[in-house]
1. Rank these for me by crowding, D28, D6, going from fewest to most other beta carbons within 10 Å.
2. Please list 3J(HN,Hα) in residue order for segment 6-19, calculated via the Karplus relation 6.51 cos²θ - 1.76 cosθ + 1.60 where θ = phi - 60°; whole Hz, with x for glycine and proline.
3. Counting other beta carbons within 10 Å of each residue's own, what order do M1, M33 fall into, fewest first?
4. How large is ³J(HN,Hα), in whole Hz, for each residue of segment 42-47 in order, when computed from phi with the Karplus curve 6.51 cos²θ - 1.76 cosθ + 1.60 and θ = phi - 60°, using x for Gly and Pro?
5. What FRET efficiency comes out for the pair S56/V81, r = Cβ-Cβ distance, R0 = 25 Å, nearest 0.05?
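Derivation of every value follows stated rules applied to the coordinates shown; laboratory data play no part. These figures come from a predicted structure and were not determined experimentally. Virtual Cβ from ideal backbone geometry, glycine too; neighbours counted across all protein chains shown.
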Amino acid sequence: MQLLDDIQEVNLAYLHIVRRAIAEMQTDILGGMSDATRDWIAGLTPHQLARVSRSSLLMCSLNSNSADLLGGLAHSLHALVAERQGAPAAATA
């Protein structure tokens, strides 16, 4: 089940990045995402966002040309790993 847990963590990190990009109007890193999808993600509560991330399918495409998206995802994953190991995220950044 570790692979499923990892997929769900990536999904949650990805959704957080997408929400941040939407909030900061950085639509260039969202690729071909429709306005309806952006509006739907932006309107999710934190609880709903967590539920959506629990898919067994990877929600993001890792072949993105956006260095910002991949960099943000890597940073989020690094923080999740640090949290899982009990280290403060700021100390591992």
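1. On the way: D28 10, D6 13.
Least crowded to most crowded, the residues run D28, D6.
2. Result, rounded to whole Hz: 5, 4, 5, 5, 4, 4, 5, 4, 4, 4, 5, 5, 4, 4.
3. On the way: M1 5, M33 14.
Ranked by crowding around the Cβ, least crowded first: M1, M33.
4. 4, x, 6, 6, x, 5
5. Numbers: r = 21 Å, r/R0 = 0.82.
So the FRET efficiency works out to roughly 0.75.
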